[in-house]
1. Going through 10, 4 one at a time, which residue ends up being in a loop (DSSP other than H, G, I, E, B), in contact with a Phe, Trp or Tyr (Cβ under 8 Å, 6 or more places away or on another chain), surrounded by fewer than 19 Cβ atoms within 10 Å (Cβ to Cβ) and at pLDDT below 95?
2. Could you tell me whether any residue of region 81-88 is surrounded by fewer than 13 Cβ atoms within 10 Å (Cβ to Cβ), in contact (Cβ under 8 Å) with a residue 12 or more places away in the chain, in contact with a Phe, Trp or Tyr (Cβ under 9 Å, 6 or more places away or on another chain) and of a type outside the set (Phe, Trp, Tyr)?
3. Can you find, within region 128-138, the residue that is farthest from residue 78 (Cα to Cα) among those that are surrounded by 12 or more Cβ atoms within 10 Å (Cβ to Cβ) and among the charged types (D, E, K, R)?
4. Test residue 165 against the stated conditions and say whether it is modelled with pLDDT of 95 or more and in contact with a helix residue (DSSP H, G or I) (Cβ under 9 Å, 6 or more places away or on another chain).
5. Tell me, which residue of region 90-124 that is closer than 16 Å to residue 32 by Cβ and of a type in the set (D, E, K, R) is surrounded by the fewest Cβ atoms within 10 Å (Cβ to Cβ)?
6. Would you pick out the residues in region 159-191 that are out of contact with any Lys or Arg (no Cβ under 8 Å at 6 or more places or on another chain), surrounded by 13 or more Cβ atoms within 10 Å (Cβ to Cβ), of a type in the set (A, V, I, L, M) and farther than 17 Å from residue 67 by Cβ?
7. Quick one: residue 136 ticks every box in (1) under 23 Å from residue 59 (Cα atoms); (2) part of a helix (DSSP H, G or I) except a single one, so which number is it?
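The values are calculated or read from the model by the stated rules, or taken from the named source; none is laboratory data. Quick caveat, the model's predicted, so the values are computed rather than measured. Cβ placement follows ideal geometry from the backbone for every residue including glycine, while neighbour counts extend to all protein chains displayed.
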Amino acid sequence: MRTEKFPRLEASSTTDSTWLAGWYQILHLKQTYRKGWLERGLSEAHCESVAEHSFGVAMLALLLGRNRPELNLEKVLRLALIHDLGEAHVGDLTPNDAVPKAEKTAREEIAVDAILAHFEHSAELKRDWQEYEDQISAEARFVKQLDRLEFALQGALFRDSSQLDTASLIEKVGLGLTDEGLASIYEDTLA
């Protein structure tokens, strides 16, 4: 049971490994709670982290993306893994934070640039992140839909374990699913 966060990790000053400094920044996602659940009354001890959410999206991408031959599965997986990377520095902003979307995106872009600067293929990874943000490809739109479906599935888990009343949230997410295949999964499992 997790009741407090670990200290923020940084690369040791005795190492000159720039990728390790970047990796430790990515690991901040394991320590960043999904704030929307906390705002709905879930305790930190039961709350998922952004990393846990991203893992859920990536697993859905792997499991459901295989049935979508028109999509590049490797790209879908990359987008799923990187879509919330900026939250490692910015945190999980919700509408209650009253941060305009453009400002939220700008903050996250600065964070993504700072994190990815530590890695060899940073330009390619940044393009992936930007592609997701701009929703300019079928893969990006699919991952956005998976992001919503994963949120609804997590809500159902909390609902079914009697920790939280998430019925209206699950319904709202369902209304936003425009991908026919994912909407069908939602109808079969959550509606």
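1. Answer to the selection: 10.
2. no
3. Only one residue tops the list, namely 133.
4. no
5. Only one residue fits best here, namely 97.
6. Correct list: 190 only.
7. Failed condition: (2).
So that you can scan it fast, the table gives a plain yes or no per residue for (1) out of contact with any helix residue (DSSP H, G or I) (no Cβ under 8 Å at 6 or more places or on another chain); (2) under 22 Å from residue 150 (Cβ atoms); (3) at pLDDT below 95; (4) among the β-branched types (Val, Ile, Thr):
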{"position": "18", "(1), (2), (3), (4)": "yes, no, yes, yes"}
{"position": "40", "(1), (2), (3), (4)": "no, yes, yes, no"}
{"position": "44", "(1), (2), (3), (4)": "no, yes, yes, no"}
{"position": "50", "(1), (2), (3), (4)": "no, yes, no, yes"}
{"position": "63", "(1), (2), (3), (4)": "yes, yes, no, no"}
{"position": "77", "(1), (2), (3), (4)": "no, yes, no, no"}
{"position": "92", "(1), (2), (3), (4)": "no, yes, no, no"}
